[in-house]
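Just below is one structure, and these are the notes that go with it.
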Amino acid sequence: MKIKNLLIIAIIFLNFFGMAYSKSPDNIYEKIDLFSQVLEKIQDEYVEEVDQSEVIDSAINGVLQSLDPYSSYMSPEVFDEMQTETSGEFGGLGIEVSMEAGVVKVITPIDDTPAAKAGIKSGDYIVKINGEQVQGKSLMQAVNLMRGPVDSSIELTVRRKGLKKAKNFKIVRQIIEVKSVTAKTIDKKIGYLRLRAFNQNSANQLKKEISKLEKNNKLTGYVFDLRNNPGGLLSQAIKISDFFLDDGEIVSTKGRKRRENRKFFAKKGDKINGKPLIVLINNGSASASEIVAGALQDHKRAILLGETSYGKGSVQSIIPLKNRGAIRLTISKYYLPSGKSISEIGVSPDIQVLEEGEEFSINTNTDNQLNYAIKLFNG
């Protein structure tokens, strides 16, 4: 692609986005001229020859990333990989990430994945990937660096709050199988439900597990575990919240367009028949997890126990493009029944119980948060 054609694309690109950001055409044309000049200087003066297509991709992604941490551009290759991943099985590390302050921030490691087993935690900042600095790269570039063949290894350098030195983690990429729901009975009288993600089948799977547990006449209450659940589909969050409510608002969404301004309400029918409910949350509980936890807390239907959640209070839509790529774009923000937004704030637990030590692991003997919930039920 010649620089002339590249400039035409850039002008069209900047004109499209620029009109949305400024009411001054003169200012937009000045910016287009400036951008064209920068591209020419890169083409003529940069120390190495650059892939001009990648430059434009990075520019598009830069516009989207400037809006918020969750909007981004996906090339046709990345979009195709994303669609493969949402089918429930893919190769990788098993972490949900975002970009913050120029580095990759871990939203949550997925249960039983290489990242979780290696000790990666929610809130970790990935500063190097195989010794290569993340600073200055886009989120998609960083994600691409973390991708690789199954059974290949990768080294992540992580900075963690409370630790003075960075930590290195060597992780072997594996096939990631996302199993949405697990359930069991604790002490013969407590129903335990763990939801790892909000995908297309989560509500149906959870409903089946509740039906099985409800056959036990000795059940006195439930623990609903949403820790390290990065979220997913809004529709599933609404259905699952409704499982535990008889009425009332679950969540509302507000956007620039009228069609994004909606309210969602519970229908009669509490599937656990009013039994006491404790919901476990932590810093890795995000998005749809926060909708469910916040709705149940606002309606005083559940006690929230654990740590303040992640604070992702927005809804993204995947919008396909003509080049077979796509953009992930924030189209609305959601609000709890109380009217509160949890963006950058999170949902606060009723009972704060922090994870204890580096050896902490969910649903094991070291899980002090679950043990605390069990003690509450046992008096």
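Just so you know, all these numbers are worked out from the coordinates, no wet-lab data involved. As the structure is a prediction and not an experimental result, all values here were calculated from the model. Don't worry about glycine lacking a Cβ; one is built from the backbone with ideal geometry, like all the others, and counts go over all protein chains shown.
Data overview
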item	result
Phi to ³J(HN,Hα) by Karplus 6.51 cos²θ - 1.76 cosθ + 1.60 over region 313-320, Hz, x for Gly, Pro	x, 9, 10, 10, 10, 8, 10, x
Rg/Rh ratio calculated on Cα atoms of region 158-217 (Kirkwood radius)	1.21
Whole-Hz ³J(HN,Hα) from phi, Karplus 6.51 cos²θ - 1.76 cosθ + 1.60, for region 276-286, glycine and proline x	x, 9, 10, 10, 8, 10, 8, 5, x, 7, 9
Viscosity 0.692 mPa s, 37 °C: Kirkwood-radius Stokes-Einstein D of region 104-245 over Cα pairs, µm²/s	189 µm²/s
Whichever aspartates and glutamates have a C-alpha closer than 15 Å to that of Lys128, once near sequence neighbours (fewer than 8 apart) are set aside	Glu100, Glu155
Order by protection proxy (mean Cβ within 10 Å, highest first), peptides 108-116, 261-269	108-116, 261-269
Mean residue ellipticity (222 nm) of the chain, computed from DSSP H runs ≥ 4 via -39,500 (n - 2.57), nearest 500	-10000 deg cm²/dmol
³J(HN,Hα) computed for each position of region 338-343 - Karplus, 6.51 cos²θ - 1.76 cosθ + 1.60, integer Hz, glycine/proline x	6, x, 7, 9, 9, 4
Long-range HN-HN contacts of Val279 with modeled amide H, under 5 Å	Phe224, Ile303, Leu304, Leu305
Under 25 Å from Lys263, Cα to Cα: lysines that are on another chain or at least 8 residues apart	Lys207, Lys239, Lys254, Lys271, Lys300, Lys312, Lys333, Lys340
Relative contact order (%) - region 117-260, alpha-carbon pairs under 8 angstrom, separation at least six	17 percent
Equivalent ellipsoid dimensions for region 280-373 as semi-axes, Å, which come from the Cα gyration tensor, largest first	30, 18, 9
Set of lysines with alpha-carbon distance to Lys31 below 26 Å, sequence-local pairs under 8 removed	Lys2, Lys4, Lys23, Lys41, Lys137, Lys322
Cut-off under 5 Å, modelled amide H: who pairs with Gly221 long-range	Gly191
Fewest-first ranking of Leu67, Leu206, Leu156, Leu329, using other Cβ atoms within 10 Å as the exposure measure	Leu67, Leu329, Leu206, Leu156
Viscosity 1.306 mPa s, temperature 10 °C, Stokes-Einstein D of region 323-378 from Kirkwood C-alpha radius, µm²/s	104 µm²/s
Region 117-179 versus region 187-238: alpha-carbon centroid distance in Å	30 Å
Taking all pairs of distinct alpha-carbon atoms in the chain, Kirkwood radius in angstrom	22.5 Å
DSSP beta bridge pairing in the chain, given as percent antiparallel to the nearest 5	75 percent
Cα centre as origin, Lys/Arg/Asp/Glu Cβ charges: the chain dipole, Debye	1600 debye
In Å, descending, principal axis extents of the Cα set of region 76-176	39, 28, 21
Highest-fluctuation residue, Lys239, Lys212, Lys271 considered, GNM on the chain with Cα pairs under 10 Å	Lys212
